[in-house]
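Asks: Attaching a single structure in C-alpha cells format; questions to follow.
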Amino acid sequence: DVLFDLGVRMADLAHQDYLIKGETLKDIRYAHETGRIAHIFALEAATMIENEVDRLDVLYGFGVRQMGIAYSE
C-alpha cells in the first residue's frame, strides 16, 4: 500500500513544474536556485517495515528520505 501511494504521488510530482523530487542536497540547492520547491518524501511511522530491515532499501529507492521510528495511535 505504501509503495502504491508513493508511486501515485511521484507520478503527480512528475507533471509539476514548480515542485521537484528532493532526494539529495544537490536537488534542494537546485530547487532553490531555480525558484522551485524540493519535495522530500517522508513517512510518519515505520510500521510497514515490520521485521524486514531490507524494506528500508526499497523505500530509499523510491525516494523516502525521512521516517519516524515510532507512532502512537
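The values are calculated or read from the model by the stated rules, or taken from the named source; none is laboratory data. This structure is a prediction, so every number in the text was calculated from the model and none was measured. We work out accessible area using only protein heavy atoms, side chains counted, and drop any ligands, DNA or RNA first. Shrake-Rupley method; radii C 1.70, N 1.55, O 1.52, S 1.80 Å.
Asks: Skip the ligands, DNA and RNA, and give the accessible area per residue of the chain with a 1.4 Å probe, whole Å².
Replies: On a per-residue basis, 79 Å².
Asks: Which shape class, rounded, prolate or oblate, goes with the range 27-73 when its Cα gyration tensor gives a ≥ b ≥ c as root eigenvalues, a/c under 1.5 marks rounded, and past that a/b bigger than b/c marks prolate?
Replies: The shape class here is oblate.
Asks: Considering only protein heavy atoms and a probe of 1.4 Å, how much of the accessible area of the chain is carbon and sulfur, as a whole percent?
Replies: Carbon and sulfur atoms account for 52 percent of the accessible area of the chain.
Asks: Moving to a separate point now. Expressed in nm to one decimal, what extension gain is obtained for the pair Gln16 and Ser72 from 0.36 nm per residue of sequence separation less their Cα-Cα distance?
Replies: 16.8 nm
Asks: Still on this structure: Give me, ordered by chain and number, the residues 5 or more places off Lys21 or on other chains with an amide H under 5 Å from its own placed amide H.
Replies: Hits under the 5 Å cutoff: His39.
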